[in-house]
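Chemist: Sharing a structure, written as structure tokens. Questions coming.
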Amino acid sequence: MTLKNNIASLILGIAVISILISIYLALVYTPSHETMGDVQRIFYFHVASAWISYLAFGVTFVAGLLYLKSKDLKWDTVAYGSAEVGIIFCTLAIITGSLWGKAAWGVFWRWEDIKLFITLVLWLVFIAYLALRANAKSRISKANLSAVFGIIGFICVPLSFAANRIWQQYHPTVIATSRGSLQASMAFALVVAVFAFTFLYAYLLLTRVGIEKMRETIEEIKQLIGGQNV
Amino acid sequence: MSDLIYLYGAYTIVWAGVFFYILKLHIAQRKLENEIKMLREILNGKKSKKNL
């Protein structure tokens, strides 16, 4: 077993243990919400998913910048892996949010809510990022195009984060300075859920990057085999 | 009680989504490991033939 495999296993172990603890905290330890009841328990993993999607797209943004600066393809691999994991978590945040919205508002989606709209745009932007990569011809043009697209697409992250704080429509603000702040036990459960998802993200990113590296190794070996045929 | 279906739905989707994504990555990883192993064997075979 290599050092990388050991690190990945350790991160996965921490993620699994903290996920089990966070499920216990979310479903058993925290009290029911005064007005919404038990359905509010969706909140812990909805918020954690949304935060991790922001983190993942942030990593894509930083890795994109590092790629453009250094032209080192390893940063493109990191950016791509993080974007894919970010889309998974963004999808989970949108679906769980819709289910919570149905229970709270009576509808799955409110098009007039700017927070929801920008988050959907963010999701679509990174779906387009993956489509763009799939259609780019050379490895270099794929890396250049997706670095620029990932950097521009990241603009939606601070907009999505700030939208409910600026416009205060239907989507509640979780971390507020005074108004509507969380109970201590709920805040603790949320922190543990975010911690657990951060380790899960780290594991998924390491695995995803590892897969891309294996694909590159395969291409290199194929070239060597081709070269020996000549 | 009727609202609980959304809670169950949300938890099922989150954990099923994470599980299937991890499964997909592991299947891809295993497949690529086997391909690398096979290609290395071909490469080593060609090298030894060349040396003969």
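Chemist: For segment A:1-57, name all the residues that are hydroxyl-bearing (S, T, Y) and touching a residue at least 24 places away in the same chain (Cβ under 8 Å).
Modeler: Passing the criteria: A:S18, A:S22, A:Y29, A:T30, A:Y44, A:S49, A:S53, A:Y54.
Chemist: Mind telling me which of the residues A:V85, A:V78, A:V62 ends up being within 17 Å of the chain's Cα centre (by Cα), more than 20 Å from A:A163 (Cβ to Cβ) and open to solvent by 60 Å² or more (accessible area, probe 1.4 Å)?
Modeler: A:V62
Chemist: So in segment A:58-92, with the set limited to residues that are polar (S, T, N, Q) and touching a residue at least 40 places away in the same chain (Cβ under 8 Å), which one is farthest from the other protein chains (Cβ to nearest Cβ)?
Modeler: A:T60
Chemist: Would you mind stating whether A:I95 is free of Cβ contacts under 8 Å to residues at least 60 places away in the same chain and either open to solvent by 50 Å² or more (accessible area, probe 1.4 Å) or touching an Asp or Glu at 6+ places or on another chain (Cβ under 6 Å) (or both)?
Modeler: yes
Okay, residues lined up against (1) within 9 Å of chain A (Cβ to nearest Cβ); (2) over 25 Å from the mean Cα position of the chain (by Cα); (3) open to solvent by less than 80 Å² (accessible area, probe 1.4 Å):
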| position | (1), (2), (3) |
| --- | --- |
| B:Y8 | no, yes, no |
| B:G17 | yes, no, yes |
| B:L23 | no, no, yes |
| B:A28 | yes, no, yes |
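Chemist: To continue, here is another question. Out of segment B:30-52, which residues are open to solvent by 40 Å² or more (accessible area, probe 1.4 Å), of a type outside the set (D, E, K, R) and at the interface with chain A (Cβ under 7 Å from one of its Cβ atoms)?
Modeler: Scanning segment B:30-52 gives a single hit, B:I42.
Chemist: Can you confirm whether segment A:100-112 contains a residue that is within 20 Å of A:V194 (Cα to Cα) and surrounded by 17 or more Cβ atoms within 10 Å (Cβ to Cβ)?
Modeler: yes
The values are calculated or read from the model by the stated rules, or taken from the named source; none is laboratory data. The structure presented is a predicted model; accordingly, all values stated were derived computationally and were not measured. Please note: Cβ atoms are built from the backbone with ideal geometry, for glycine as well, and neighbour counts cover all protein chains shown. Surface areas here come from the heavy atoms of the whole protein model, side chains and all, with no ligands, DNA or RNA. Shrake-Rupley method; radii C 1.70, N 1.55, O 1.52, S 1.80 Å.
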